[in-house]
Each structure stands twice: as structure tokens, then as C-alpha cells.
1. Going through PRO94, PRO37 one at a time, which residue ends up being buried (at least 16 other Cβ atoms within 10 Å of the Cβ), within 27 Å of GLU151 (Cβ to Cβ) and over 19 Å from the mean Cα position of the chain (by Cα)?
2. Could you tell me which numbered condition VAL104 fails, if it satisfies all but one of (1) modelled with pLDDT of 80 or more; (2) exposed (fewer than 12 other Cβ atoms within 10 Å of the Cβ); (3) under 30 Å from GLU49 (Cβ atoms); (4) out of contact with any strand residue (DSSP E or B) (no Cβ under 7 Å at 6 or more places or on another chain)?
3. For the stretch 69-89, state whether one or more residues are assigned to a helix (DSSP H, G or I), in contact (Cβ under 8 Å) with a residue 24 or more places away in the chain and among the polar types (S, T, N, Q).
4. Can you work out which of the residues in the stretch 149-163 that are in contact (Cβ under 8 Å) with a residue 12 or more places away in the chain and farther than 14 Å from LYS35 by Cα is surrounded by the most Cβ atoms within 10 Å (Cβ to Cβ)?
5. Within the stretch 54-72, how many residues are among the polar types (S, T, N, Q) and in contact with a Ser or Thr (Cβ under 6 Å, 6 or more places away or on another chain)?
Amino acid sequence: MSIEKKKDDTKFVESIEQSMKSGYISMLILLALEKEPANGYKLMKMISEDTFGEWRPTNSTMYPYLSNLTKRGLIQYRTKKQGQRESKEYSLTPKGTKILKKLVNKQQEMNLSLLSMVSTVIDIDSLPNHLLDFFSQSYHEYILMGKSSEEKIGILSRRVEMLNLFLDIIGKNKVEMENELEILKSNEMKKSSFYNH
């Protein structure tokens, strides 16, 4: 493959990644504000920290989204004075909370369908490392860095809750798949013994 072709492919992948990220910014803002009210700077920091630096919204990308979410009635702000400076502290509205729940449900459906599609074309050796990294010690150390004890307790409590939910879902799915697999194998054996007689 030529260097020019590789550059073109890289640009294509980066443009898709950029459009995916811009589609998520509104949801990330709502998720951050569900935790606590925040000004624009704090929101950018929260999003960057919670996504391990993958999403680093800038002022130029952040403020148009905040303005749009405010116009739609999903967030609201109050002006706070800090010395000579004024800043807007944003918070979720009841409508924003309702919309966020719908967005999270939609996102889970999309993730599930995408994972289902990916799982039909990759083998076990090709599973992305970041799925395992998500539960690694270094991951926890990274997200807990610089947090107070109270914040660490909250974060770890949510992670444990999430892990328990994952394990419960995975366990149920595994049992269902094993049962279905046994039925399919049994039916195949019956077919082959029928044709052999």
C-alpha cells in the first residue's frame, strides 16, 4: 500500500472518529451535569478525566453545545460571581434528566447491536484489549488520581455496581447460549444418526 493511500485511509478514519465524537459531546455534557452542576471549564475537565483524555472538548466546541442544550431546555445556568469575574454554572433540568435517560438507553442498544455485529466477524484472539483494560488496576488508579476519599468511594461504588450488573447480564447470557448450543448440537446429532440409518 502506498504512503499516499495510507494517509488517505488515516484521514478517512479520523474524520469518522471526529463525527462520532461530536455526536457524543451533548450526551457527555448531560452525563457530567448529572453528577453535579459545573461551569464550562469544569465540564471540559470532567469530560476529559472521565474519558481518560480521549475526549478533550475545547472552548470553541463546548460553548455552542452548551448554548444549544440551554435553548432546548435540557440544561440551565445561573451566573456566579468569582471576584471580578462572572461565570455560568450549568445544571440539568428535569427535561434534561428525562432526555438523558432516553439517550443512555439508545446508546446501550447501539452498543449492544454493534458488539453483536463485531462478535460475528472476529475471533476470541481479536477481542480489543481495551475491553480488559477497562477493568484493570491501572485504569482505576488513573480515574482515582487526584480525587478526595469521598470522590473515590463514589467512583468505586459506581464501578462495582456496574461490574455486578455486567457479570449478572453476562452470566444469564452465557447460560442461555449454552442451552441453545446444546439444543442445536443435539438436533444435529439426531439428524446425522437419522441419515446414517
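1. Exactly one of PRO94, PRO37 is buried (at least 16 other Cβ atoms within 10 Å of the Cβ), within 27 Å of GLU151 (Cβ to Cβ) and over 19 Å from the mean Cα position of the chain (by Cα), namely PRO37.
2. Single failed check for VAL104: (2).
3. no
4. ARG159
5. 0
The values are calculated or read from the model by the stated rules, or taken from the named source; none is laboratory data. All figures in this text were calculated on a predicted structure; none of them were measured in a lab. Reconstructed Cβ throughout: ideal geometry from the backbone, glycine too, with neighbour counts over all protein chains shown.
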